[in-house]
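Some notes on the structure that comes next.
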Amino acid sequence: VAPDGRYWVAFSEVVVSFAPDGSDPHSYFEREAGFLTVRAARDGTIWCGGFNTGTYHLDPRTGTHEFFSSVVDQPVHDCVYDIYEDWNGDIWIGGLNFQLTCMHQLADKSFTKQHYPITFINSISQLDERNLIVCTTDGFKLLDIRTGQITDYLNDEEKFKGTNFVFDSRTRNGNEIWLATAGAGLVCYDLSNDSIAAYGINEGLPSLELRGMSMVNDSILYVSTENNGLFAFDCVRRCYLRCLMTSDGLPMNEFLQNSSTLSPDGHLLFGGNNGVVVLKESDIQSHLNEFQIFIDTKG
């Protein structure tokens, strides 16, 4: 969601923006293909990338854009899974086969790059003013952006029974890191006492294959799954609340990694194989589902 309130969605063959009510769609980069992620920066510009697309930095107000054919300035095929703007305004780019890259904008609007030895990245978020959370196929990492120190967590597949494949993360109370995993369901890592708790099918979750998450009121997680719809989880009471599937009126059940967010006006956005669903928070907990937007074409 951009500062002007417009929603931005990365489709496989185009990047689209539209008004919150689904009207006034605009398409960008229609001659490209393979987009996976799009991120609106606080300065109103847009970053996007995907499978072998390189990385684009777009100013939708002027229609001008910059193109970085390779984030790491090497002849590799970038596969960009996530782009994140930290609290200082630096842009972090992570993906499959290149090192985590920080892009810092100078006064002349050019960018410098700094690389960190983390690859196979699914998503990037921020724990506090000093630490980034980098979710990978081998656990998650805490990166101290001041010193460059990297600390590994959950990277022992046998010990943690598959929790090492982490798609997304959200934080709570400054010390709880909630993780959407592939194969272990929902996992909470508590930094205050170095403890781990996993919540799976035995605790009532509809799926162990999770994809994206949004946290509301520092207590309720809304989680998308690979093919079992959406569900809500109460992080305070540590219990599953409700699932929303096609039988409840949900337009689709299959969702994609790192494709969920909470808009400033309180709407939950989830991207999937057939478009994007925009919900009110109450929709996923009630039986009266009034879906506001569902887009199944490139606009």
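Hey, in the GNM for the chain with a 10 angstrom Cα cutoff, which one of Ser169, Ser69, Ser23 fluctuates hardest?
Looking only at Ser169, Ser69, Ser23, the biggest GNM fluctuation is shown by Ser23.
Just to be sure I understand the model, the point goes 7 Å from the Cα along the line to the Cβ. What's the resulting Lys109 to Asp190 distance in nm?
5.0
What is the local net charge at Gly5, summed over the other residues whose Cβ is closer than 12 Å to its Cβ (Lys, Arg +1; Asp, Glu -1)? Intermediate results must be reported in sequence, preceding the final value.
Working: positive: Arg6; negative: Asp4, Asp21, Asp24, Asp265.
Neighbour charge sum, excluding Gly5 itself: -3.
In debye to the nearest 20, how big a dipole does the stretch 29-90 give about its Cα centre with +1 on each Lys and Arg Cβ and -1 on each Asp and Glu Cβ?
200
Quick one: if you stick a label point 7 Å off each Cα along the C-beta vector at Glu30 and Asp128, how many nm between them?
4.9
Just Gly249, Gly183, Gly54 to compare: in a GNM of the chain, with alpha carbon springs under 10 Å, which one fluctuates most?
The residue with the greatest mean-square fluctuation here is Gly249.
Residue separation times 0.36 nm, minus the C-alpha to C-alpha distance between Thr151 and Asp43: what's the value?
Values: separation 108, 0.36 × 108 = 38.88 nm, distance 3.10 nm.
That works out to 35.8 nm of additional length.
Could you work out the local net charge near Gly50, counting Lys and Arg as +1, Asp and Glu as -1, over the other residues with Cβ closer than 13 Å to its Cβ?
Working: positive: Arg39; negative: Glu13, Glu32, Asp78, Asp82.
The answer is -3.
Which entry in (i) 15.2; (ii) 28.4; (iii) 23.3 matches mean projected area of the Cα convex hull in nm² derived from the coordinates of this structure?
Computed from these coordinates, mean projected area of the Cα convex hull in nm² corresponds to label (i).
In the Gaussian network model of the chain, springs joining C-alpha atoms below 10 Å, which of Thr37, Thr181, Thr62 carries the largest mean-square fluctuation?
Of Thr37, Thr181, Thr62, the Gaussian network model singles out Thr62 as fluctuating most.
Please get the size of the charge dipole for the stretch 187-255, origin at its Cα centre, with Cβ charges of +1 on Lys and Arg and -1 on Asp and Glu, quoted in debye to the nearest 20. Don't skip to the answer; put the middle values down first.
Values: 4 positive and 9 negative charges, 32 e Å.
Around 160 debye, computed over the stretch 187-255.
Rank Gly95, Ala40, Thr112 by how far each Cα sits towards the positive end of the charge dipole of the stretch 37-113 (+1 on Lys, Arg Cβ; -1 on Asp, Glu Cβ) and give me just the farthest.
Ala40
Longest span of the chain, sites excluded, free of trypsin sites (Lys or Arg not before Pro) in DSSP loop with at most 14 other C-beta atoms within 10 Å? Please list the in-between numbers first.
Numbers: sites that count: Arg31, Arg42, Arg61, Lys109, Arg130, Arg146, Lys161, Arg237, Arg238.
The segment 162-236 is the longest one with no such site.
What net charge do the residues around Arg172 carry, taking every other residue with its C-beta under 11 Å from that of Arg172, with Lys and Arg at +1 and Asp and Glu at -1? Present the calculation step by step, with values, prior to reporting the outcome.
On the way: positive: Arg170; negative: Glu176, Asp190, Asp218.
So the environment of Arg172 carries a net charge of -2.
As a test question: what accessible area, to the nearest 10 Å², does Trp92 have when a 1.4 Å probe is rolled over all protein chains in place?
Spelled out: Trp92, probe radius 1.4 Å, area about 0 Å².
The values are calculated or read from the model by the stated rules, or taken from the named source; none is laboratory data. Just so we're clear, the structure is a prediction, and the values are computed from it rather than from any experiment. All Cβ positions, glycine included, derive from the backbone under ideal geometry; neighbour counts span all protein chains shown. Accessible surface is based on the protein model in full, side chains and every heavy atom, while ligands, DNA and RNA are left aside. Shrake-Rupley method; radii C 1.70, N 1.55, O 1.52, S 1.80 Å.
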